[in-house]
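Read-outs throughout are calculated quantities, based only on the coordinates presented, and are distinct from any laboratory measurement. Note that the coordinates shown come from a computational prediction; the quantities given were computed from them, not determined experimentally. Cβ atoms come from the backbone with ideal geometry, glycine included; neighbour counts cover every protein chain shown.
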Amino acid sequence: MEFSLIKTCSITGLFLYFLIGKLCLMCVWPTKIEEKQFFFVISLYVVHLITYIIVNAFYFICYESKSKYISQAKIEQKPWPWDGKDSKVWNQMKSLFWKNVFINQFIMIGVAYGSSCIKLDTRFDQSFPTVFEISWQILVFGVIEDVLFYFSHRLLHTPYFYGKVHKVHHIYNITVSWSAEFAHPLEYILGNLIPVIAGPILLGSQTHMITILVFVGLATHKTLSDHSGFNFVWDVYQYLPLTTHSEFHSKHHSLNTGNYSSTFTYLDDLLGTTIKK
Ligand SMILES: [Zn+2]
Ligand SMILES: [Zn+2]
């Protein structure tokens, strides 16, 4: 009974996020947008940044917390990176992280600008999307993102690309939220940015910019949540059918193989790469 209540609240929360996200953006939406390309790039950047800061701040509190409830939600029994390594190694990892964050800002702006040069038919006007439109389009974006992520991730696990590129992301064999986007620039472009932006660009005029921004907020939250190292009871992804969640990706980091998908589990199932235990 308790389980179904949490599940219902959690799934309702997802649709509430669509509704509240849309209403908040509608409140600040300009009546006329002259520079669509500039607006596209800056709004994507800002929504990603705000989500990244808020979600990481939440998990930072969880890592600092001594609460038994929070520690019970920890997936792996291994120590957190700052507990399990000597302080010199952890300081090096922190310094690498900040350099990575700095570089990623420019890469993100570059990819958003580049994709908008290829095609930008997105609606920016007052024809705001309904929650139904946001829901089905986010599902389509998620499917496209997942297919591109899965195959690029499989490529990154081939010996050449693993050693040269993907090894950077796998420095974290126990993940923490901010390790989600800690990656070699090539991986960040190929595995993180292009899969997320591909769906919105392909749907063209069928989609409104508000839907894209709601999706970017959700995708940023999902990757941070999947890398958080926690499986909280309110995590909606564990209740949605065929959807990956933090335990799924945590196993991938722990074993360095299998569970390659980012959003749905069916490709791993069909192609025999799901981690069974
Ligand atoms: Zn990997
Ligand atoms: Zn990862």
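When shorter helices are ignored and each DSSP H run of at least 4 residues is given -39500 (n - 2.57), the per-residue value for the chain at 222 nm works out to -20000 deg cm²/dmol.
For a modelled paramagnetic label at S205, 7 Å from Cα along Cα-to-Cβ, the residues of segment 130-146 in reach, with backbone nitrogen under 20 Å, are 130, 133-134, 137. Spatial offset of segment 59-79 relative to segment 249-266 amounts to 21 Å, using the alpha carbon center of each.
Axis angle, to the nearest 10 degrees, between helix 87-118 and the longest C-alpha principal axis of the chain: 20 degrees.
If a/c stays under 1.5 just call it rounded; otherwise compare a/b with b/c (prolate if a/b is bigger, oblate if not). Do that for segment 157-258, with a ≥ b ≥ c from the square roots of the Cα gyration tensor eigenvalues. In terms of gyration-tensor shape, oblate. The Rg/Rh ratio of the chain, with Rg taken over Cα atoms and Rh as the Kirkwood radius over Cα pairs, comes to 0.96. Rounded to the nearest 10 degrees, the angle from helix 246-255 to the longest Cα principal axis of the chain is 50 degrees. Angle of helix 131-156 to the longest C-alpha principal axis of the chain, folded into 0 to 90 degrees and rounded to 10: 50°. For segment 237-277, a/c is not less than 1.5, where a ≥ b ≥ c are the root eigenvalues of the C-alpha gyration tensor, and a/b does not top b/c. That puts it in the oblate class.
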